[in-house]
Amino acid sequence: MGKQPANNEVVVVGAGVVGMSCALFLQREGYAVTVVDRLGPGEACSYGNASGIATSEVIPISTPGLLLKIPKLLLDPNGPLSIRLSYLPQLLPWLWRFLRAGNKERVRELTAAAVNLSASSVEDHASLRKEAGAEELLVGGSCASIYDTERDLAGDRWQWDLREELGLKHYTVSGSELNEMEPAVSANVGCAVIVEGWRQYSDPYKFVVRLAEQFERNGGTLLRGEVSGFETQDNCVSGVGLAGGAVLRADHVVVAAGAWSHKLAIMLGSKVPLEADRGYNTTIPDAGVTIGRPLVYQT
C-alpha cells in the first residue's frame, strides 16, 4: 500500500469491473475506500459482457457515413439498432451531438485519445489478476472482425488504416482462411480482420468477484445500497447519501455506475451527455461448437 494521503476517504459508486478496479488501485495509493452498489459485485453489466481487454476497439461509434446507415438499421427487424419513439424527443439533443462528433477530424482526435488511455490496460489488468489470484480466468490472444463481403471491409478500411497508423497491428484473411482458423465459422463469409493482442476473461462475473474479495482482504468496505444524493461543504463532496437516510463520509467520490452515472453526475452539478446502449447476452450450455477467439460481426 502507498503512503496514506491526507483527506483519504473515498467512496466508489459502482461495484462492476471499473468500480472494483478503481477501488483496488486507490487502496494501493493508501486511500481508505468504500464501494457501494445496489447490487453485488459484478451483478449488473459485468455479469454477462464480452469480457474483452480490447485495446483495438478505439474507433468511436459515431463515424462518417453513420447517418446514411441509420434508416437501413432501423428498418431491419434483426438489426442492431432500435429507438423507442416515445423516448425520441428526449434523445434528440444527445443524438444531434453524437452525429456531429462523427466527422473524420474529430474521430481521429478521439481515436488517438482512446489509444493513449488504453495503452497500459493490458499491464494494469495483469497486476489486478495477480493480486486477486485470477490468472486462470484469462484466455485468448486475438479477435476476428468478420465481414460479409470484401466491399463491406473496403468501406471500413480507413478505420483499420487509422488503427495501423496509431500502432495497432492487424491482418486480413479470406473467408476460407478464417474457416481453417475457426472451423465453426462458415467459409462463405467474405473476409475477416484478425487483430492480435486481444485478451478475454472466461467468466467476467467471477473475475469481478475475485477483485471484490481482494478489496475486502485489503481492508476495504463493500456495501449494498442505492445512492440518493451527495452532501457538500465549500463546493467539495463531504458525504454520500443512501436511500434510507445513511450518509457515508467522503473526501472524494468516484462515479462508476455505468448507464446510471449521468444521473449521479447531475446531483454533483455536472451534466454528462450519456445515453444507455442496451445490450443482450445469451449463454448456451453445450452449444456443440468451439471457437478459439472472440468473433465480431461487422454490420
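Odds and ends about this structure:
- Applying the criterion of being assigned to a strand (DSSP E or B) and in contact (Cβ under 8 Å) with a residue 40 or more places away in the chain to the residues of the stretch 222-242, the residue that is surrounded by the fewest Cβ atoms within 10 Å (Cβ to Cβ) is Arg224.
- Every residue from the stretch 278-298 that is on the phi < 0 side of the Ramachandran plot, without any contact (Cβ under 8 Å) to a residue 60 or more places away in the chain and not small (Gly, Ala, Ser): Arg278, Tyr280, Thr282, Ile284, Pro285
- Test for Arg278: is it loosely packed, with under 11 Cβ neighbours inside 10 Å, out of contact with any strand residue (DSSP E or B) (no Cβ under 8 Å at 6 or more places or on another chain), within 30 Å of Ser142 (Cβ to Cβ) and not β-branched (Val, Ile, Thr): yes
- Search result, residues across the stretch 248-274 that are in a loop (DSSP other than H, G, I, E, B) and surrounded by 13 or more Cβ atoms within 10 Å (Cβ to Cβ): Ala250, Asp251, Ala256, Ala257, Leu268, Leu274
- Residue within the stretch 30-43 that is open to solvent by 50 Å² or more (accessible area, probe 1.4 Å), within 25 Å of Val193 (Cβ to Cβ) and in contact with a Pro (Cβ under 8 Å, 6 or more places away or on another chain) present: no
- Candidate set: the stretch 174-198, residues that are in contact with a helix residue (DSSP H, G or I) (Cβ under 7 Å, 6 or more places away or on another chain) and part of a strand (DSSP E or B); chosen: the one farthest from Arg28 (Cα to Cα): Cys191
- Number of residues in the stretch 181-198 that are touching a strand residue (DSSP E or B) at 6+ places or on another chain (Cβ under 6 Å), farther than 21 Å from Ala113 by Cα and surrounded by 17 or more Cβ atoms within 10 Å (Cβ to Cβ): the value is 5.
- Lone qualifier among Ser228, Ser261 - being of a type outside the set (Phe, Trp, Tyr), under 24 Å from Gly42 (Cβ atoms) and under 17 Å from the mean Cα position of the chain (by Cα): Ser261
- Of the helices (runs of 4 or more DSSP H) lying entirely inside the stretch 50-150, those containing at least 1 residues that are among the hydroxyl-bearing types (Ser, Thr, Tyr) and buried (at least 17 other Cβ atoms within 10 Å of the Cβ) span 104-118.
- Of Leu162, Leu178, all but one fail to be free of Cβ contacts under 8 Å to residues at least 60 places away in the same chain, surrounded by 15 or more Cβ atoms within 10 Å (Cβ to Cβ) and not polar (S, T, N, Q); the exception is Leu178.
- Checking Gly245, Gly219 one by one, the residue that is among the small types (Gly, Ala, Ser), closer than 17 Å to Val33 by Cβ and outside any helix (DSSP H, G or I) is Gly219 and no other.
The values are calculated or read from the model by the stated rules, or taken from the named source; none is laboratory data. Everything numeric here is computed off the predicted structure, so don't read it as measured data. Glycine gets a Cβ as well: all are built from the backbone with ideal geometry, and neighbour counts include every protein chain shown. Surface accessibility is based on the protein's heavy atoms, side chains included, excluding ligands, DNA and RNA. Shrake-Rupley method; radii C 1.70, N 1.55, O 1.52, S 1.80 Å.
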